[in-house]
Amino acid sequence: MKRFKFFLALSILVTMVWYSCKQDLYLPEPSKTEDQEILDFLTAQGIDLNDVEILDSFVVYQDDAGWDKAALLRNIREGADPVYELPAYPDSAVSDRQRGIPNANLLDAVAINRVNNLKYYIRGSVQSDCGAGWVTAIGEAMNAWNTGITNSRVHFTQTMILSQADIIVGSDNDMRMPSDRRNLPSNVVARAGFPDDEEGRPYKYVSINDAYSGWSSKMKTIMHEVGHCLGYRHTGTLDGQHIPGTPSQDEHSIMNTGDNMAPYFTAGDQTAVRRYYPLNMGPTPPTIVSATNVGNGVARIKYSNPLAATNPYSWVLVQKFTTSGVFIESKYFLSDYPDGNGVFTLYWYNNIPGQTYKFRIAGLNFRRDASTNYSGYVTVGL
Ligand SMILES: [Zn+2]
């Protein structure tokens, strides 16, 4: 018996040593590579993988845009879609409409308290490699973003101090640009990326292909790339989400991928920018048009935006109270498509039939970091 125990102990010891050696020799394989994780995520987003190329630290999308790989992985692993009521309007029809940040990922937009004070830095390589025409075009493009859209909060100034730059523009031949923002393919004039930063910064780099010193559309190209840095996708594709309030056809949109060379923001571009980056959301609140009991504990609230042309809402926040004014709950609703009279409709489900409630609402931009004041209260018995 004693001898048996000895052999048992010995065999356990040998087994443990063998396993530990084995673990040293054969490291466990990762269950999924980072690249595969990214490809699976993008596939689940409905993205055509023919449009995707994974580099060392950057994921190219549709040639001239993409994501920082580390930020995208963080988003995949930690990101959660915000909770809101009412699914987005069906968005499958092919159209030219402006495309914004997909899946209402609010934090992929630039923070409202940054977007009015963005600084860009032009590397010397732009002039030396790409030509002075590009330097001029960058200034003109930034000025167009500053002045070409009414009621927009987006504002750029040039900085000569690299460490202060929100956006760095450089030649794709510049060794000081991140390695995989360099050496653009011959068919790509310039490349930027999408914002994906917890602090709400824009995407940081715009690379210009130094083979395009004679390019005839420099200003529009920079306007377009800056649009990516602020979160906008390609108009006229199915990437991202349709931005409500933009037209169904807009071939001259600054974010169109076609051969539009005109350096002007269309009315649709302007609406897209106001929804994300309004100059000033407040204080005028939405107007509640009606609140109705539609049965089974469902309240229908109709509202309008008195400043729809200048301050379109991406969301409304609805607060629910008891009749004596005790707060119960709040919910976000997409503010997508008004009727022909500019009236929006939302439904608050799962109230208690027989109860009477008070509601009030406020309008918000896409990132929900700018808001109107609250409307007055409306009372509805259910
Ligand atoms: Zn683009």
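No value in this document is a laboratory result; all are computed from the given coordinates. Quick caveat, the model's predicted, so the values are computed rather than measured. Positions of Cβ are backbone-derived with ideal geometry, glycine not excepted, and every protein chain shown enters the neighbour counts.
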How much length is gained if the chain between Asn183 and Thr147 is pulled fully straight, taking 0.36 nm per residue apart and subtracting their Cα-Cα distance, in nm to one decimal? 9.7 nm
Dipole in debye (nearest 20) - the stretch 287-381, about Cα centre, beta carbon charges: Lys, Arg +1; Asp, Glu -1: 140 debye
Assuming a strict under-25 Å limit between Cα atoms, what lysine pair count do you get for the chain once near-sequence pairs (fewer than 8 apart, same chain) are dropped? 15
Of Val226, Val294, how do they rank once you tally other Cβ atoms within 10 Å and put the fewest first? Val294, Val226
List Thr322, Thr372 from most exposed to least, where exposure is judged by having the fewest other Cβ atoms within 10 Å. Thr322, Thr372
Which order do peptides 193-201, 181-189 fall in by mean Cβ count within 10 Å, highest first? 193-201, 181-189
Quick one: Debye curve from the C-alpha atoms of the chain, no solvent, what's log10 I(q)/I(0) at q = 0.08, 0.14 Å⁻¹? -0.50, -1.16
Roughly speaking, what is the stretch gain from Gln355 to Phe327, that is 0.36 nm per residue apart minus the C-alpha to C-alpha distance, in nm to one decimal? 8.6 nm
For the stretch 287-381, what size does the Cα cloud have along each of its three principal axes, sorted from largest down, in whole Å? 39, 28, 19
Which one of Leu184, Gly340, Phe321 is farthest out on the positive end of the charge dipole of the chain, using unit charges on Cβ (Lys, Arg +1; Asp, Glu -1) and the Cα centre as origin? Phe321
